[in-house]
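Student: Input: one structure, supplied below.
Derivation of every value follows stated rules applied to the coordinates shown; laboratory data play no part. These numbers come from a predicted model, not from an experiment. As a convention, Cβ positions derive from the backbone with ideal geometry for all residues, glycine included, and neighbour counts pool all protein chains shown.
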Amino acid sequence: MPVADFEPVIGLEVHAQLLTRSKIFCGCSTSFGAPPNTQVCPVCLGLPGALPSLNRAAVEMAIKAGKAFGCRIAERSIWARKNYFYPDLPKGYQISQYELPICSGGAVPVPGLGTIGLTRIHLEEDAGKNIHAESGSQVDLNRSGVPLIEIVGEPQLRSAEEASEYLKALRLSLIYLGINDGNLEEGSFRCDANVSVRPRGTQKLGTRVELKNINSFRFVRQAIEYEIERQVKEIESGGKVLQQTRLFDNEKGVTRSMRSKEEANDYRYFPEPDLPPLLVSPEWAAKVQVPKLPHEVLDELTRSGVAQADARTIVADPRLVEVHRRVGGDPRRAALFVVGELARAVNEKEADLAALKFEPAQVAEVWKLQDAGTLSSTAAKEVLAELIRSGKPPARIVQEKGLAQVSDAGALEAVVDAVLARSVSEAEKYKAGKKNLLGFFVGQAMKELKGKGNPGALNELFKRKLGD
Amino acid sequence: MAIDRAQVRHVARLSRLALSPEEEERFAAQLGHVLEYIERLKAIDVSGVEPLSFAGEASSPMREDLSRPCLPREKVLAQAPEQDGQAFLVPRIIE
């Protein structure tokens, strides 16, 4: 059977670092990029006798995620020890949740796929980091004890493409919730994929393989596609898919077996004796505020008149949503500014969304000048571009660049009269029916006014003077 | 319940313990006794009893999310068998 006769079944497990200031069980800082082993203490080093003390903010963020995805929030969940040996795990076990996680059920809305069900979301601590070198490995324990939620998705995904869409939607949702920074490169959002294949039309699940070390959306697709093909080939050639953990090698684009971890799959979970059960009262859960998710913001934008494509561009970056909100005024016009002038400036590195130089509310001042006829639409664009670059008040930009249009009737009339006085023959022809000469007159006047005449007003004036 | 030496070896490996053949023999017998005791406990009818995961169902006291000073790195690394002034050094991890 060719690959097309097999149906892939994919479930993703995502580890997301929570944006707390301190670690989950101790007061060490969680900030990224500090010199190795400078953010550690007896608790996260696993020194004998040190006891964990739970960070309330980490629990609250897990509740927030649970509420956002419609999970059941457990009033009582328990901590478990997951035992395995690895140099980056100083205690020899990871404090996690096993039998009774804080959140279960729920679903993640994914554009184009409806919703993808969740099995559970649980809290746990991160391990340290190994830096591999030829001679040996360095261990940095700054990350040891950073709070994580593990979000376990149901095996409802049917292609590498769907897996990637789900991941993108989940990542953006967590960013909107303010509980994760979505940074795949720095490892604050990590993904493992469980992949199996079965002949199309059958129900029984195939043997699943767990893929690790996938740290970009492109690699997610590559790793899953490679693995699907590998499993199909294995079955085709009369072999069997072995249940195992495979590592994605992003340089070669292949997955390979992680023999060292095979035996370690015996984690010998047992309840963590150092931590009492985690109790979340319904009152506490009810008090946790849940910000709007991306699909809700998208609906709001399109309902307010913003074009679908523009709304999607804005929603893809919460910073754009914030600028759009602060620009205010007509939502459609504000959206055009965000996906137009602002996006262009960002592309050309004239603006940095992380550190805007201008106050978005000032955009409305430019519109006001444009609507009053003081600025032509071209001039308004120029003022907006400069506003984004420098943050100077629009009125000052108009003055400095000399962009104000001449709309004053007296000043325009003098110019119109002068143009007509020296274009007698053209005026005759116009009156005789050659109406397209109007453009010639306006052009002459514009020349005189150095391009700053209000074209609408000039049109009207010429027509009136020529007897139309 | 009897436990054989292969099982002892497996558990020892998971715990990174190097046991001599005599120790394997001795622990197989001792662990067998522990398991026998567990078998006796299993005979007790506990249907309807919630599994106890923690002695005394105290609610978890929680800490506010404030970061505190950490240990100085010299102190952190001082007791490591091998270190390079920045990190712990371990044999090369091959994946």
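Student: Regarding the range A:146-226, what are the three Cα extents along the principal axes, ordered largest first, in Å?
Tutor: So the three principal-axis extents are 41, 22, 21 Å.
Student: Can you give the average number of partner chain beta-carbon atoms within 10 Å of each beta-carbon in peptide A:278-286, as a whole number?
Tutor: What the average comes to for A:278-286 is 1.
Student: How large is the charge dipole for chain A, taken about the Cα centre, if only the Cβ atoms of Lys, Arg (+1) and Asp, Glu (-1) carry charge, to the nearest 20 debye?
Tutor: In debye, rounded to 20, chain A gives about 880.
Student: Gain in length, A:His132 to A:Ser31, computed as 0.36 nm per residue apart minus the alpha-carbon separation, to one decimal in nm?
Tutor: Full extension from A:His132 to A:Ser31 adds 34.2 nm.
Student: Place a label point 7 angstrom from the Cα of A:Lys447 along the Cα-to-Cβ direction, then list the residues of the range A:418-433 whose backbone nitrogen is under 19 Å away.
Tutor: Inside the label zone: A:418-430.
Student: OK, next. Counting pairwise Cα distances across the range A:224-327, what percent come out greater than 20 angstrom?
Tutor: For the range A:224-327, the fraction of Cα-Cα distances above 20 Å is 70 percent.
Student: Just to check, using Stokes-Einstein with a Kirkwood Rh over alpha carbon pairs, what's the diffusion coefficient of the range A:3-287 at 25 °C and 0.890 mPa s in µm²/s?
Tutor: It diffuses with D of about 124 µm²/s by this estimate.
Student: As an exercise, identify the chymotrypsin sites (Phe, Trp or Tyr not before Pro) in the range A:85-129 lying in DSSP coil whose Cβ has no more than 13 other Cβ atoms within 10 Å.
Tutor: Those that pass, being in a loop and sparsely packed, are A:Phe85.
Student: Over 24 Å between Cα atoms, which of A:Lys168/A:Lys233; A:Lys168/A:Lys212; A:Lys64/A:Lys168; A:Lys401/A:Lys450; A:Lys168/A:Lys287; A:Lys23/B:Lys75 qualify?
Tutor: Going by Cα-Cα distance, A:Lys168/A:Lys233; A:Lys168/A:Lys287 fall outside the 24 Å limit.
Student: Can you pull the mean other chain C-beta count within 10 Å for peptide A:75-86?
Tutor: Counting other chains' Cβ atoms within 10 Å and averaging over A:75-86 gives 2.
Student: Return P(r) of the protein assembly as shown (all Cα-Cα pairs; 10 Å bins starting at 0; whole %; ordered from short to long distances).
Tutor: Pair shares across the bins are 3, 13, 18, 20, 16, 9, 7, 6, 4, 2, 1, 0, 0.
Student: For the range A:1-60, what is the largest minus smallest coordinate of the Cα atoms on each principal axis, given in angstrom and ordered from greatest to least?
Tutor: 58, 28, 24
Student: Please identify the trypsin sites (Lys or Arg not before Pro) of the range B:1-70 that satisfy two criteria: DSSP loop assignment and at most 16 other Cβ atoms within 10 Å. Which are they?
Tutor: B:Arg16
Student: Another question, if that's okay. If you restrict to DSSP beta bridges whose two residues both lie in chain A, what percentage is antiparallel, to the nearest 5?
Tutor: If we restrict to bridges inside chain A, about 90 percent are antiparallel.
Student: Under a point spin-label approximation (7 Å from Cα along Cα-to-Cβ), what is the A:Asp330-B:Arg16 distance to one decimal in nm?
Tutor: Placing both labels 7 Å along Cα→Cβ, they lie 6.8 nm apart.
Student: What would the Debye formula give as log10 I(q)/I(0) at q = 0.15, 0.19, 0.30 Å⁻¹ for the alpha-carbon point model of the range B:1-45, no solvent?
Tutor: One equal scatterer on each Cα of the range B:1-45 leads to -0.40, -0.58, -1.01.
Student: Tell me, what is the percent relative contact order of the range A:409-465, built from C-alpha pairs under 8 Å that lie six or more residues apart?
Tutor: Value for the range A:409-465: 41 percent.
Student: Per DSSP H run of at least 4 residues, take -39500 (n - 2.57); add these up for chain B, divide by its residues and hand me the 222 nm value, nearest 500 deg cm²/dmol.
Tutor: -12500 deg cm²/dmol
Student: Using alpha-carbon pairs under 8 Å, 6+ residues apart, how would you state the relative contact order of chain B in percent?
Tutor: 20
Student: Additional query: Suppose we take every Cα in the range A:307-419 and form the convex hull; what volume per residue is that in Å³?
Tutor: About 115 Å³ per residue, rounded to a whole number.
Student: So how tilted is helix A:56-68 from the main axis of chain A? Cα-based, degrees 0 to 90, rounded to 10.
Tutor: 70
Student: Quantify how strongly other chains surround peptide B:66-78 by giving the mean number of their Cβ atoms within 10 Å of each of its Cβ atoms.
Tutor: 6
Student: Let me ask another. May I ask which residue of A:Val363, A:Thr378, A:Val321 lies farthest towards the positive end of the charge dipole of the range A:294-401, with charges of +1 (Lys, Arg) and -1 (Asp, Glu) on Cβ and the Cα centre as origin?
Tutor: The residue sitting most towards the positive pole is A:Thr378.
Student: So, one more: Taking the number of other C-beta atoms within 10 Å as the exposure measure, put A:Ser22, A:Ser53 in order starting with the fewest.
Tutor: Ascending number of Cβ neighbours within 10 Å: A:Ser53, A:Ser22.
Student: Quick one: if you stick a label point 7 Å off each Cα along the C-beta vector at A:Ala395 and A:Asp352, how many nm between them?
Tutor: About 3.1 nm, to one decimal.
Student: Relative contact order, percent, of the range A:4-118 when contacts are C-alpha pairs under 8 Å separated by at least 6 residues?
Tutor: 19
Student: What are the extents of the Cα atoms of chain B along their three principal axes, listed from largest to smallest and rounded to whole Å?
Tutor: 53, 45, 25
Student: Run lengths n ≥ 4 of DSSP H only: what is the helix-derived mean residue ellipticity at 222 nm for chain A, with -39500 (n - 2.57) per run over all residues, to the nearest 500?
Tutor: That comes out to -11000 deg cm²/dmol.
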